[in-house]
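First the structure, in the form of structure tokens, and then the observations on it.
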Amino acid sequence: MKTKNLLFLAAPMEGVCGFPWRNAHASCFPGTDFYYSPFLTATASRAFRKREIRDVLPENNGRLHLVPQIMASDPGDFIWAAREMSALGYPEVNLNLGCPSGTVVRKGRGAGFLRDPEALDDFFAEVFSAAGHGEMSEIRISVKTRIGVADPSEGLRLIAVFNRYPISLLTIHPRTLRDGYKGPVHRDIFREMLRQSRNPVCYNGDLRAPEDVGSLLAAFPAEEYPQLTAVMAGRGLVSRPSLFSECRGGARAGREKLREFHREVLGNYRAVIPEEDNVLFKMKELWGMFGEEFPNGKKALKRIRKARRMDEYLAAVNELFSGE
Ligand SMILES: Cc1cc2nc3c(=O)[nH]c(=O)nc-3n(C[C@H](O)[C@H](O)[C@H](O)COP(=O)(O)O)c2cc1C
């Protein structure tokens, strides 16, 4: 696979890819260039939630390169949040234009912002006129977007808006808000947006195995599509954490490596969450995707899901890692 100069990015995954997972992943599986944080909401209150800010504190992300993601629809709120991230030392912030959750969309944020390309244009005009000045002079602004609300061809209207601004990286998940996370990605619209993009582009969606990355790169060869500079994986990287190491020529993680990774994630959660129940909840959320790496472990996975105490949980995990 020709991956020279290609960046490998870990997607923001609310509830799963917080700093405990990220640190364990970065230490066990080298090869991820940047990790995107789950979104921090910027509102008129001009304060982040404690849980959100803790996730992006540099001291909690020492072993990796992090890009904080911001959810906002008001340019002033976004600029405030970007300055806060710049003050923490981050050179890039990412705008979320993809979240399909009802509460977010109703407020015109996330993928809900894509309903109104003119408002988005005004938002960018204000944000980018602040960028490059004062505390915003050092910060790059990247965007993570879907291709529209209902009709994939909305992507063509959106790319015209994005092209008016120096977005440092435009990550495109080629599904509409209505598509959710299922169904085929709209590769044809992605191709057209990629062709037209004046900004560097990252592809995101359904990359689950090295072969998926290989076939993407074969479909969009660097000579013809030089704007494609990065790939991002979310569910694929959670279920198969060695995905990017494999793309770079490494081996697929075997049971012992996965066991070590699990031990690190669990240890990281236990270090920051005092209540055992809450640690179990987080681990079970992870297993929802990570469990796919164990097609023969259905029985043990069921025991993991049902575990009520840490000792039951650990016994089930041990059974999974020791079984066939
Ligand atoms: C549980 C979950 C949480 C997510 N949280 C975020 C988020 O905070 N910000 C964001 O931009 N996308 C979020 N996403 C979307 C992913 O980043 C990604 O775009 C999507 O899953 C498609 O890529 P994949 O097929 O590689 O997973 C989330 C997706 C899932 C399934």
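A few points about this structure:
- Peptides 288-294, 217-223, 50-56 ordered by packing proxy, namely the average of other Cβ atoms within 10 Å per residue, highest first: 288-294, 50-56, 217-223.
- Unit charges on C-beta of K, R, D, E only; dipole of the range 7-247, Debye: 620
- Springs join every pair of Cα atoms under 10 Å in this Gaussian network model of the chain, and among Gln227, Gln196, Gln69 the largest mean-square fluctuation is at Gln196.
- Note on Glu260 and Arg187: with the Förster distance fixed at 41 Å, the Cβ-Cβ geometry gives a FRET efficiency of about 0.65.
- Taking the charge dipole of the range 14-76 about its Cα centre, with +1 at Lys and Arg Cβ atoms and -1 at Asp and Glu Cβ atoms, the residue from Ile53, Thr41, Phe29 reaching farthest to the positive side is Ile53.
- Rounded to 5, percent antiparallel among DSSP beta bridges of the range 7-247: 0
- Rounded to 10°, Cα long-axis angle of helix 210-219 versus longest principal axis of the chain: 20
- Model label sites at Ala160 and Ala251, defined 7 Å from Cα along the beta-carbon direction, differ in position by 5.4 nm.
- Residues with amide H under 5 Å from that of Gly148, placed H, sequence gap 5 or more: Leu177
- Helix 255-272 axis, angle to the chain major axis (alpha carbon atoms, nearest 10°): 70
- Nearest-0.05 FRET efficiency for Asp116 and Val272, computed from C-beta distance (R0 35 Å): 0.35
- Across the range 275-284, coupling constants 3J(HN,Hα) worked out from phi with the 6.51/-1.76/1.60 Karplus curve, θ = phi - 60°, read 7, 4, 4, 6, 5, 4, 4, 5, 5, 5 Hz, and Gly and Pro carry x.
- Net charge dipole size for the range 178-324 [Lys, Arg +1 and Asp, Glu -1 on Cβ; Debye, nearest 20]: 400
- In the chain, the DSSP-assigned H stretches of four residues or longer account for a calculated mean residue ellipticity at 222 nm of -13000 deg cm²/dmol, using -39500 (n - 2.57) per stretch and the full residue count as denominator.
- Projecting the Cα atoms of Leu114, Pro91, Ala125 onto the charge dipole of the chain (Cβ charges, centred on the Cα centre) puts Leu114 farthest toward the positive pole.
- Candidates Pro166, Asn296, Gly18 compared by Cα position along the dipole of the chain: farthest toward the positive end lies Asn296, with charges placed on Cβ.
- Calculated FRET efficiency for the pair Glu14/Ala44, C-beta based, R₀ 35 Å, to 0.05: 0.95
- Test item: Cα-centred dipole of the range 111-218, Lys/Arg +1 and Asp/Glu -1 on Cβ, debye: 300
- Length-normalised contact order for the range 255-322 - Cα pairs under 8 Å, 6+ apart - percent: 31
- Taking other Cβ atoms within 10 Å as a rough exposure proxy, Trp287, Trp80 sort from fewest to most as Trp80, Trp287.
- Total lysine pairs in the chain at Cα distances under 25 Å, for residues eight or more apart or on different chains: 28.
- For the range 13-25, the Karplus equation 6.51 cos²θ - 1.76 cosθ + 1.60, evaluated at θ = phi - 60°, returns couplings of 9, 3, x, 10, 9, x, 4, x, 5, 4, 5, 5, 5 Hz by residue, with Gly and Pro reported as x.
Computed from the coordinates by the stated procedures, all read-outs in this text should not be read as laboratory data. Keep in mind that what you see is a predicted model, and the values were worked out from it rather than measured. When we count neighbours, we look across all protein chains shown, and the Cβ atoms used for this are built from the backbone with ideal geometry, even at glycine.
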